[in-house]
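Written below as structure tokens is the structure these notes are about.
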Amino acid sequence: MKQNIWDELFWRGLINQSTDAKELKKRLEKPIVVYGGFDVTADSLHIGHLLPMITLKRFAQFNHQIIPLLGDGTSLIGDPSGKKSERQLNPEEQVEQWAIELKKQLEKIFDEEIHTQKATILQNSQWLKELKLLPFIRNIGKHFSLGYMLAKESVKSRLESGISFTEFSYMLLQAYDYFWLNEKFNCELQIGGSDQWGNITSGIDLITKTKGKTVYGLTLPLLLKSDGTKFGKTEGGTVWLNPQKTSAYQFYQYFINVSDDDVIRFLKYFSFLSNEEIQELEKQVKNNPEKRQAPKTLAQELTKLVHGETALKRAEKISEALFSNQLANLSAEEIKEGLYDVPTYTISQQKEISIVDLLVNAQICPSKRQAREDIENHAISLNGQTVADVNLRLTPQNCLVENIMVLRRGKKNYYLIYWQ
């Protein structure tokens with residue numbers, strides 16, 4: 001392992017912007033306290049939050065102290081960064097409830113660091129709710145000129161569409177977070193997404209002006225896929241860390257389907273594999289891309305981190321069963337999890353039905369003629385077994401498990417059939 005976290009971040013491509021790079025690299029030769037903040041805007045974190053979380057874990061690996069900070073206080077105000085219009089403010093009670101859920105997720109991700117006393121999870125409502133308006137404006141606000149604030153990209157980009165005083169004041173509150181953490185924990189480094197540079201430097205300027213101390217800031221690269229689309233989004237929406245919102249299998253599938261153009265970069269960003277191990281996987285991508293070893297490794301690493309070893313094995317089991325059409329190995333719940341996004345059809349109040357009628361009624365085949373043709377061409381399988389008889393009649397006894405049958409047309413088109 002390299003002696004300086006800076007070198008580790010550099011070869012992984014994780015340094016987007018930083019304050020004085022030479023000076024920061026030298027400071028990182030000794031233990032430092034570093035924090036990264038997470039907005040409380042939903043009841044779960046998503047995979048876009050993984051990069052700062054994993055980066056904080058890297059700092060802990062190099063014996064630095066880390067502070068994952070839940071912004072439940074600042075989330076009552078709303079960060080204008082990267083937003084084209086004013087956020088809708090969420091009720092305070094809802095933000096408090098969300099913070100409880102997000103804290104559980106952070107505790108799971110940083111379990112090892114908490115037990116080794118390298119991580120302290122905090123919530124900024126702890127100090128922001130104690131602030132008094134007049135002292136804050138007098139003692140903190142006087143260090144921020146209007147010109148300085150208007151020049152920040154998060155504000156400047158919103159001047160035409162409009163920005164309220166509420167969101168305009170956000171950078172002061174985040175700057176105060178850094179000020180408070182420096183005061184109480186001697187925190188000297190803040191990390192964040194590429195859109196947080198203005199907020200980070202505001203905190204640095206506040207500490208410099210009020211204390212005359214040197215502190216640092218570092219932003220991580222913008223997460224985009226090679227095709228220009230946003231990382232962490234699918235046709236079904238956001239990929240969440242909460243398994244109730246995005247199952248471990250769906251999570252696993254997102255990463256195992258990462259393109260060859262992105263996978264090595266993402267392995268550098270998200271895995272704890274060494275440079276040598278990633279170089280070996282890069283050779284696999286070039287020489288044996290059909291084996292998909294690099295995406296599989298990425299999916300394994302992240303699913304294990306976020307959901308644990310047991311959930312990873314379950315996701316792999318479902319994935320392998322669907323790939324090989326060995327559905328008999330799966331439970332009803334595993335079938336539903338693996339086929340969460342396929343078309344479904346319910347057979348109601350019937351004791352039996354012909355396979356041809358079912359294929360047409362469930363809109364698997366457009367006509368009876370096509371259904372028969374597909375069966376004759378061995379293109380239809382039932383519960384993992386090829387259907388060979390066009391006159392086959394089905395009863396509830398044909399269900400694979402409980403009241404579920406699985407039909408497949410071709411190699412990839414699955415359909416869930418429920419018999420009631």
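Observations on the structure shown:
- Each residue in the range 258-276 was checked for being assigned to a helix (DSSP H, G or I) and within 14 Å of the chain's Cα centre (by Cα), and 3 pass.
- When the criteria are applied in full, residue 321 fails the requirement of being touching a residue at least 12 places away in the same chain (Cβ under 8 Å), assigned to a helix (DSSP H, G or I) and touching a Ser or Thr at 6+ places or on another chain (Cβ under 7 Å).
- The helices (runs of 4 or more DSSP H) found wholly in the range 153-257 and carrying at least 1 residues that are in contact (Cβ under 8 Å) with a residue 12 or more places away in the chain and not assigned by TED's automatic domain parsing to the domain that holds residue 320 occupy 153-156, 165-168, 170-185, 197-211.
- Qualifying residue in the range 349-357 (condition: hydroxyl-bearing (Ser, Thr, Tyr), under 30 Å from residue 251 (Cβ atoms) and surrounded by 13 or more Cβ atoms within 10 Å (Cβ to Cβ)): no
- Of the residues making up the range 387-420, those that are assigned to a loop (DSSP other than H, G, I, E, B) and among the basic types (Lys, Arg) are 411, 412.
- A single entry from 108, 118 fulfils the requirement of being basic (Lys, Arg), crowded, with 19+ Cβ neighbours inside 10 Å and more than 16 Å from residue 178 (Cβ to Cβ): 118.
- Top-ranked residue of the range 134-168 - restricted to ones that are of a type in the set (S, T, N, Q) and within 17 Å of residue 196 (Cα to Cα), ranked as nearest to the chain's Cα centre (by Cα): 154
- Scanning the range 291-331 for residues that are farther than 21 Å from residue 242 by Cα and among the small types (Gly, Ala, Ser) yields 294, 321, 324, 328, 331.
- Evaluation of residue 400 against the conditions (1) among the aliphatic types (A, V, I, L, M); (2) crowded, with 16+ Cβ neighbours inside 10 Å; (3) within 30 Å of residue 302 (Cβ to Cβ) shows that the sole unmet condition is (3).
- Selection over the range 277-311 of residues that are over 15 Å from residue 262 (Cα atoms), over 16 Å from the mean Cα position of the chain (by Cα), in a helix (DSSP H, G or I) and not hydroxyl-bearing (Ser, Thr, Tyr) gives a count of 7.
- Selection status of residue 7, closer than 22 Å to residue 302 by Cα and surrounded by fewer than 20 Cβ atoms within 10 Å (Cβ to Cβ): no
- Test: residue 382 is surrounded by 19 or more Cβ atoms within 10 Å (Cβ to Cβ), touching a residue at least 24 places away in the same chain (Cβ under 8 Å) and not small (Gly, Ala, Ser): yes
- Candidate set: the range 345-363, residues that are part of a strand (DSSP E or B) and of a type outside the set (Ser, Thr, Tyr); chosen: the one nearest to residue 373 (Cα to Cα): 353
- In this entry, residue 80 is excluded by the filter for residues that are under 20 Å from the mean Cα position of the chain (by Cα) and in contact (Cβ under 8 Å) with a residue 12 or more places away in the chain.
The values are calculated or read from the model by the stated rules, or taken from the named source; none is laboratory data. Not measured: the values here are computed from a predicted model. For neighbour counting, all protein chains shown are included, and Cβ atoms are generated from backbone atoms with ideal geometry for every residue, glycine included.
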